[in-house]
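Here is the structure we will look at, set down as C-alpha cells.
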Amino acid sequence: MTAESTMLTKTAARDALVVYLLRDAAAHESGKYELIGEAYDDLDVVMPRGGPADPDERPLFIALSFWDGWIDSRNHRWLFYEPITERDWPNLARSIAWDLTHGREITNPIVRSHFTPRPRKPLWARIRSIFSKR
C-alpha cells in the first residue's frame, strides 16, 4: 500500500476534523485537557497533501494548524497564542467546525491571523538573510 492510497479524500478529512474539533472542545470544557489532540497524529498522516495553496484544502490546513496550536498551547500552560486564552479554544474550534461543515473558508479573524499558512522564502533566500546580518 502506498502513502498516496492511504490519504483521505478532502470530504473525509473535513468530516474527521469536524468530529475531532468538536470532541476536543467538549473535552476541554470538561477539564479533560489530556484528551485534546488524542487523534491528531493519526489524522495528520492521512490528510490530503495538495498543499495550503490548493483552495479546496486551505480550510483543512488552517483547521489542522489550529488544532496543532491548541495542543501546543495546552502543553505550554495556555501560553504563546495571544490574544487566545485558555477559555477561547473550544469556541474557536466550534467556529472552525461550523465553517468546515458548511464548506466555507475559515472566517474567524483570530484563527485566520494565527493559523493561515504563510508563504515562505526559498531556503537560499533565508540562508542569505542570516549571513547578511553578520
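Got a sec to turn the phi values of the stretch 33-43 into Karplus ³J(HN,Hα) couplings, 6.51 cos²θ - 1.76 cosθ + 1.60 with θ = phi - 60°, whole Hz, x for Gly and Pro?
Going residue by residue, I get 4, 5, 7, 5, x, 4, 9, 4, 4, 5, 6 Hz, with x marking Gly and Pro.
Would you mind getting me the FRET efficiency between THR11 and THR116? Use the beta-carbon distance for r and R0 = 22 Å, nearest 0.05. Show your work: numbers first, answer last.
Details: r = 22 Å, r/R0 = 0.98.
My answer for the efficiency is 0.50.
Between GLU29 and HIS76, how many nm apart are label points set 7 Å from Cα along the C-beta direction?
The modelled label-to-label distance comes out at 2.7 nm.
Which of MET7, MET47 comes first, and how do the rest follow, when ranked by fewest Cβ neighbours within 10 Å? Before the final figure, lay out each step's value.
Details: MET7 16, MET47 19.
With the fewest neighbours first, MET7, MET47 line up as MET7, MET47.
Nearest 500 deg cm²/dmol is fine: what mean residue ellipticity at 222 nm does the chain get from its DSSP H runs of n ≥ 4 alone, each adding -39,500 (n - 2.57), divided by its residue count? Numbers along the way, then the final one.
On the way: 6 runs with 74 residues, N = 134.
Taken over the chain, the calculation gives -17500 deg cm²/dmol.
Over the chain, what is the relative contact order in whole percent, taking alpha-carbon pairs under 8 Å and six or more residues apart? Walk me through the numbers on the way to the answer.
Working: 123 pairs, mean separation 38.8, N = 134.
It rounds to 29 percent for the chain.
Bear in mind these aren't lab numbers, they're just calculated from the coordinates by the rules spelled out. Computed from a prediction, not measured in an experiment: that's the story for all the values here. Neighbour counts are summed over all protein chains in view; Cβ atoms, including those assigned to glycine, are modelled from backbone coordinates with ideal geometry.
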